[in-house]
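The values are calculated or read from the model by the stated rules, or taken from the named source; none is laboratory data. The model shown is predicted, which means the values in this text are computed figures rather than measured ones. Please note: Cβ atoms are built from the backbone with ideal geometry, for glycine as well, and neighbour counts cover all protein chains shown. For accessibility, only protein heavy atoms count, side chains too; no ligands or nucleic acids. Shrake-Rupley method; radii C 1.70, N 1.55, O 1.52, S 1.80 Å.
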Amino acid sequence: MLAWGWIGAFVLLVGGAAFFGPLLQLRRLVLRYPQYQMVPESEVPEWLQQFLSGPCSQLEALGFAKVGWLRLDLPTDRQTYRAVLHHPLAETYGAVGALCPAELLQAFEVYFSSVAVGGALLLTANGRRHLFLQEPPNVQLDDPYVGTIAAQWEHHQQRCQAWGTEFLPQTLTEYQQACAESDRQALDLLIDQKLLRRQPGGRILMTNALAWRFGAQVGQAGAVVQPFVRARQQAIAADPTEAVVIPPELEAAAYHQQAAQTQSRGLGRSWLFLGTLGLFLLSFRGQGPNAWGLNPWILAAVVGYHEAGHALAMGCFGYRDTSVFFVPFVGGATTGRKAEASVAEKFWVLMAGPLPGLVVGGMGAFWLATHPETVPAWALEAIVLLLALNFLNLLPLLPLDGGKVADLLLFSRHPVADVAFKVVAAVGLPLVFRHPLSVFLTIALLVGLPNAWREAQLRRAMLRHPEDGGDTVVRAAAAMRDGGYQKLLFAQRYLLLNALVERFGETRSPRPRTLWGLGTIYLLSLLALPTGLLWTFPPLRRAVWPPSREEVERRIAAYRQHQAQEQQTELARLTALRSQYPNDRALLRQRAEIYQRVERTISKSNVPEPNPDFPKALADLDRAIALNPDDATGYEARGDLWEDRAPQKAIADFRRGLALYPASTLHHRLLGTLAKAKQWEAVIAEATACLARNPKDSLAYTLRARAYEQLGQSQPAAADRDRAERYETDTGSSWSADSLQMAEIALRRHPRDRLGLLQKAQALAGLDRTQEAIALYSQAMALLPADPNPYRLRGQLFAQQGNSARAIADANTVLAQNPNDIVALSLRADARQQSGDLVGAKRDRDRLRAVARSKQPPW
């Protein structure tokens, strides 16, 4: 439900933008005082004369005679022409012009003007009254909203008769001056009312109040406009000559006018960027469908870097009105305009977004692979986002950049393939991303398919039209006229024209060499990330291209041999120390552990001869127990050695340890061994004893439930399963507390037993009693200075306390014996970085990586 709530908010945001967009256009509209001038017919474009010949003929049939042409420099900084006709009997002038933009139902504007005695002007329009910002002073403006010019003229005559006064004759010059003066007075009145503001250079801008008022005025005009539209439809049905064909040149003029009005300005682009950035950050604050635990600031920086690449490329190739903005819940977008941009220019504009991100992310990934410890968490997230988002953006799916590149290079010149690719993209988006917002993108692509089909066909049709003075818009409008698309409203025609102009450069087939070259660059860019990751991270490369079975076996054998050599070296060192300190139980336990490792290594290598090291491990553990029979951990270690060979001996050792101290860890080891030996009654008895000590021990409940199941007692088994689930986070007493008490028991008889001191120190460290643990490690070092283990452990505690000097000293002691000791190298690197010695820390980490690579398993 939360995801759908965010999607609803997104829809409301888009709807709000659609509502306020026209008001912002009005707010940016630049007005000027209109200029009127009579011009010779030779100055009027031939196409416009031909277009206006129809309504002029209708007026001539009503008694008007053409007297000249009037050029208008309109308030919107646009120039147009009107045919001027005069009715001598009615003393009325008629002006006929072409609407821009024009619609099939309303392509002309016709005005009748008569001057009454006293100078009052009666002006009759048709279907235009609601578009006047202000009725001029001393002007009676009327509009019948009728379907034909004849009906409009009849209405004007009726209004003249209703005035009950005579109308004065006017010369053509007086008519021109009257038109200019009435428009000037209307603008002055709005300026006096503070609804318009003068700007330097003679420009005039609307205020917010006038923009709102004009928008509301147009919105409320539906009641009178709809009857007018029906009247026009009826008139065209009754007289087909009323139907018109809009000239391509007029469509081009309307297109350029609309493009100028919608042109974004610098301050507006800045507010758009900042406003959408704020919404974008809010949409990723951790609530909503895109809340994936990402840092919104890092995500915004990555998206902004991607869009900045698009914007920079657009600037280099001469695009106009470039804007960068964020899309909440989705990402970002960059818009710009350039008519007939070539395939190569569009390719580089599209690739300029993901390529820089992949380059920077790839450099970061290389640094991460070589210096992982120096990369902070925020940089790691930025690297991952740079690689992931930009690589996904290169996938050949619309509306991603990669999909646009694929469409540009392969499909845009072939209508059927172009639409088919969009269908595949619409279906593939939700399958690839599996996110609710991808459904909206899919719907948008599917809804736009009819328009995409029209676009593709019209771009091909444009090639059949002549250059028309080099104006691509005229060619596009001519293709739309021939295709019957003028029945669409101008808002739809404008979008279609804009798409045709923007993409016409794709229609001209570039040289095959260009397409092959650009396609190769795209494929290499798409393959660069996986190739770079495979090269940078060897484990990933081995996962993709695993070696042969023979090579794996050879590597494993070599690795195991290397392990065995290292363990033999360690055994030799421990044996030499053992000869000097024959009663040191810690050395015995360490050597027994090495014997066990060697045994496992040899057994995994499939060596057929019997292993001679098990008796040595057993002998060392027997000797350690003999030196201190009160150490429960000694019985635990020997039980672990017996567990796979003689479970009964392991059980006996675990019981001896429990007799000294009933620790939960020993209970668990005993229960596990009894279960392996399938002694289910004993499992139940020991688990019950364990639970008497800790009623919340989930492992004891689990093993007892298994024993009940094996004995066929389902009811108590189910009860124990329920208790195990209830206490699954509580596994009994902590390891550190058990170890501490077992070590104290061992030290009662032998207070200077080094093994007991080490075990107690480790337990105290686990309980955060750091200072006591450091003191015990120091005592253990005094008893046997040649053992590196206490130095490693004490150094780590010093590092935790922030005592980097003491930590470095302990690490140096270990490294003096073994320069390749991984634990000591890591400890000294961290301590040096903590103390500010970054050069020394880097040197230690480089050495650490080299040693780690030599010890890395081949698999």
Extreme residue, farthest from LEU827 (Cα to Cα), among residues of region 773-791 that are open to solvent by 30 Å² or more (accessible area, probe 1.4 Å) and aliphatic (A, V, I, L, M): LEU783
Every pair of residues 6+ apart whose Cβ atoms lie under 9 Å, when the first sits in region 344-363 and is under 15 Å from GLY402 (Cβ atoms) and among the aromatic types (Phe, Trp, Tyr) while the second is assigned to a helix (DSSP H, G or I) and open to solvent by 30 Å² or more (accessible area, probe 1.4 Å): PHE347/ILE521; TRP348/CYS316
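Among the residues of region 759-769, which ones are open to solvent by 40 Å² or more (accessible area, probe 1.4 Å) and part of a helix (DSSP H, G or I)? Show your work before the answer.
Step one: of region 759-769, the residues open to solvent by 40 Å² or more (accessible area, probe 1.4 Å) are 760, 762, 766-769.
Passing the criteria: LYS760, GLN762, GLY766.
Here's a check for you: in region 333-362, which residue that is among the aliphatic types (A, V, I, L, M) and more than 20 Å from the chain's Cα centre (by Cα) is most open to solvent (accessible area, probe 1.4 Å)?
Restricting attention to region 333-362, the residues satisfying the condition of being among the aliphatic types (A, V, I, L, M) are 333, 339, 341, 343-344, 349-352, 355, 358-360.
Retained after the next criterion (residues that are more than 20 Å from the chain's Cα centre (by Cα)): 339, 341, 343-344.
Details: ALA339: 59, ALA341: 0, VAL343: 7, ALA344: 35 Å².
Per the criteria, the residue is ALA339.
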Filtered residue count, region 93-107, keeping only those that are among the hydrophobic types (A, V, I, L, M, F, W, C) and either over 55 Å from the mean Cα position of the chain (by Cα) or surrounded by fewer than 20 Cβ atoms within 10 Å (Cβ to Cβ) (or both): 3
Within region 378-429, considering residues that are over 18 Å from SER342 (Cα atoms) and aromatic (Phe, Trp, Tyr), the one farthest from the chain's Cα centre (by Cα): PHE421
Candidates ILE236, ILE246, filtered to the one that is in a helix (DSSP H, G or I), of a type in the set (Val, Ile, Thr) and at pLDDT 75 or above: ILE236
Selected residue (criterion: modelled with the lowest pLDDT) from residues of region 605-635 that are open to solvent by less than 30 Å² (accessible area, probe 1.4 Å) and assigned to a loop (DSSP other than H, G, I, E, B): ASP631
The lone exception for ALA223 - which of (1) closer than 17 Å to GLU109 by Cα; (2) without any contact (Cβ under 8 Å) to a residue 12 or more places away in the chain; (3) within 52 Å of the chain's Cα centre (by Cα) it fails: (1)
Whichever residue in region 290-312 is more than 16 Å from PHE391 (Cα to Cα) and modelled with pLDDT of 85 or more and, among such residues, is surrounded by the fewest Cβ atoms within 10 Å (Cβ to Cβ): ALA301
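Can you tell me which residue in region 329-372 is farthest from VAL839 (Cα to Cα), limited to those that are aromatic (Phe, Trp, Tyr) and at pLDDT 75 or above?
From region 329-372, those aromatic (Phe, Trp, Tyr) are 329, 347-348, 366-367; that's our starting set.
Checking the rest, the ones that are also at pLDDT 75 or above come to 347-348, 366-367.
Numbers: PHE347: 45, TRP348: 42, PHE366: 20, TRP367: 17 Å.
If we take residues in region 329-372 being aromatic (Phe, Trp, Tyr) and at pLDDT 75 or above, then PHE347 is farthest from VAL839 (Cα to Cα).
Give the number of residues within region 121-167 that are in contact with a Cys (Cβ under 7 Å, 6 or more places away or on another chain) and open to solvent by 30 Å² or more (accessible area, probe 1.4 Å). I'd like the intermediate steps shown before the answer.
Restricting attention to region 121-167, the residues satisfying the condition of being in contact with a Cys (Cβ under 7 Å, 6 or more places away or on another chain) are 122, 167.
Remaining after also requiring open to solvent by 30 Å² or more (accessible area, probe 1.4 Å): 167.
Going through region 121-167 one residue at a time, the tally reaches 1.
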Condition broken by LEU74, with the remaining ones in (1) open to solvent by less than 50 Å² (accessible area, probe 1.4 Å); (2) at pLDDT below 70; (3) in contact with a Ser or Thr (Cβ under 9 Å, 6 or more places away or on another chain); (4) farther than 19 Å from SER182 by Cβ satisfied: (4)
Residue, nearest to the chain's Cα centre (by Cα), within region 108-138, restricted to residues that are of a type in the set (D, E, K, R) and within 20 Å of GLN257 (Cβ to Cβ): ARG128
Looking only at region 730-755, and only at residues there that are open to solvent by 70 Å² or more (accessible area, probe 1.4 Å) and assigned to a loop (DSSP other than H, G, I, E, B), the one that is modelled with the lowest pLDDT: THR731
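Is one or more of the residues making up region 328-338 among the basic types (Lys, Arg) and without any contact (Cβ under 8 Å) to a residue 60 or more places away in the chain?
First, the residues of region 328-338 that are among the basic types (Lys, Arg): 337-338.
If we keep only those that are without any contact (Cβ under 8 Å) to a residue 60 or more places away in the chain too, we end up with none.
No, region 328-338 contains no residue that is among the basic types (Lys, Arg) and without any contact (Cβ under 8 Å) to a residue 60 or more places away in the chain.
Take LEU205 and tell me if it is modelled with pLDDT of 85 or more and part of a strand (DSSP E or B).
For LEU205, the condition - modelled with pLDDT of 85 or more and part of a strand (DSSP E or B) - is not met.
Conditions (1) surrounded by 14 or more Cβ atoms within 10 Å (Cβ to Cβ); (2) under 27 Å from ASP631 (Cα atoms), marked per residue:
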position	(1), (2)
LEU757	yes, yes
GLN771	no, yes
PHE798	yes, no
GLY840	yes, no
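Working carefully through the options LEU458, LEU441, LEU534, LEU518, find the one that is at pLDDT below 70 and either outside any helix (DSSP H, G or I) or surrounded by 18 or more Cβ atoms within 10 Å (Cβ to Cβ) (or both). Step through it out loud before you land on a result.
Working: LEU458 fails: at pLDDT below 70; LEU534 fails: either outside any helix (DSSP H, G or I) or surrounded by 18 or more Cβ atoms within 10 Å (Cβ to Cβ) (or both); LEU518 fails: at pLDDT below 70.
Matching residue, one of LEU458, LEU441, LEU534, LEU518: LEU441.
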Contacts under 6 angstrom Cβ, first residue in region 837-852 being touching a residue at least 40 places away in the same chain (Cβ under 8 Å), partner open to solvent by less than 60 Å² (accessible area, probe 1.4 Å), 6 or more apart: ARG845/ALA829
Pair list, Cβ under 6 Å, 6 or more apart: region 145-169 residue at pLDDT 85 or above, other residue part of a helix (DSSP H, G or I) and surrounded by fewer than 18 Cβ atoms within 10 Å (Cβ to Cβ): TYR145/VAL224
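In the list GLN106, GLN152, GLN161, GLN140, which residue meets the criterion of being under 23 Å from GLU46 (Cα atoms) and not hydroxyl-bearing (Ser, Thr, Tyr)? Don't jump to the end; show me each part of the working.
Working: GLN152 fails: under 23 Å from GLU46 (Cα atoms); GLN161 fails: under 23 Å from GLU46 (Cα atoms); GLN140 fails: under 23 Å from GLU46 (Cα atoms).
Within the list GLN106, GLN152, GLN161, GLN140, the selection yields GLN106.
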Inter-residue pairs, beta-carbon under 8 Å, first over 27 Å from ARG749 (Cα atoms) and in region 570-585, second hydroxyl-bearing (Ser, Thr, Tyr), 6+ apart: LEU571/TYR595
